1. On average over all directions, what projected area in square nanometres does the chain have, based on the convex hull of its Cα atoms?
2. Calculate, for residue 77 and residue 176, the FRET efficiency according to 1/(1 + (r/R0)^6) with r their C-beta to C-beta distance and R0 51 Å; round to the nearest 0.05.
3. Which FRET efficiency, nearest 0.05, do residue 123 and residue 268 yield, Cβ-Cβ r, R0 22 Å?
4. Report the label-to-label distance for residue 243 and residue 20 in nanometres (one decimal), using points 7 Å from each Cα along the Cα→Cβ vector.
5. At q = 0.13, 0.21, 0.25 Å⁻¹, what base-10 log of I(q)/I(0) does the Debye formula yield for region 27-80 when every alpha carbon is treated as an equal point scatterer in vacuo?
6. Once you put a point 7 Å from the Cα of residue 115 and another 7 Å from the Cα of residue 287, both along the Cβ direction, what distance in nm separates them?
7. Quick one: go through region 1-31 and flag any residue whose amide nitrogen is under 19 Å from the point 7 Å out along the Cα-to-Cβ line of residue 62.
8. Could you grab the relative contact order for the chain? Cα pairs under 8 Å, six or more apart, rounded to a whole percent.
Amino acid sequence: MSRLPPLLWLQAFETAARTLSFTAAGQELGVTQAAISQRVRLLEDRLGQKLFVRHPRSLGLTPAGQAWLPCLQDAFTRLAEGTDEVFGGGEAPVTLRTTPVVQQNWLAPRLCAFRRAHPEVALRLVSAIWPDDFGPEGADLEIRYGLGDWPEVEAVSLGDEAMLPVCSPSLAQSIRAPADLASHTLLHAVGFAAGWPSWLERFGPAGLESHCAALTCDSQVMTLALAAEGAGVALTHRRLAEERDDLVAPLSLPLPTAECFWLVRPMRGEARADAGRLWEWLVASLADEAD
């Protein structure tokens, strides 16, 4: 059996060794820090030697890792040169990173329209779930959620945002006032400053949350999927709810939030032509929708 490990493991090691950071490597390759760490551990297990010295706040290479890195980088260079020689070196796809729920509920129809207008532009979508998954490395554009105060990026707001309860049409028939939520499961998505506790404090009678069943998910994708199946009531962004026909808002009580979605790109360096086309098209579409 060949001792050559999978290419994904080799990429994870080379990128982490070059940046001396699992987090930076994940940002460059468009995956999480945990994915990089797992691939490196699998590679070390395959080789039977440690490649990194892991300190509490830093990362270093073992002698074996230092000795192997130049060989691996040379192999990647030769592979890239050979690929360009045989197949030609066209412009790389435009990489856009955002959360799965934004991809599904807001971005998909707009990218279809962009593809009709610019079929020559190759696109690559990368998913990010946690805040640490984001970063300018490895992505031409991003759609992030927050206050828009990230350093070294240009950010354009997708518009003011508010959180709104949503559920299936059949479930909505039994919800006429906030107190009716006591009979249903509240679907919580972690990671947002404004969630069910904030909404209930603003609109619900005192003590309502203690009477509600709760189910917590690590992403809005799952809370919205469960809500569409009638498993409970999700609290989601009004912008995302407006893009779905399988969810309705039983209560017209939106909770404004200072956080919102932002179209983001790095400020350093000159943007590639195709990335600039996608940026300008999305910014123009936001302006059209705001009119």
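Taken together, the values in this text are just the output of simple stated rules run on the coordinates, not laboratory data. A quick note: this is a predicted structure, and the numbers were derived from the prediction, not measured. All Cβ positions, even for glycine, are placed from backbone atoms using ideal geometry, and neighbour counts span all protein chains on display.
1. 19.7 nm²
2. The computed FRET efficiency comes out at 0.20.
3. 0.50
4. About 4.0 nm separates the two model spin labels.
5. So the normalised log intensities work out to -0.38, -0.99, -1.20.
6. Between residue 115 and residue 287, the simple spin-label model gives 2.6 nm.
7. Output list for this probe position: 3-6, 9-22.
8. Result for the chain is 21 percent.
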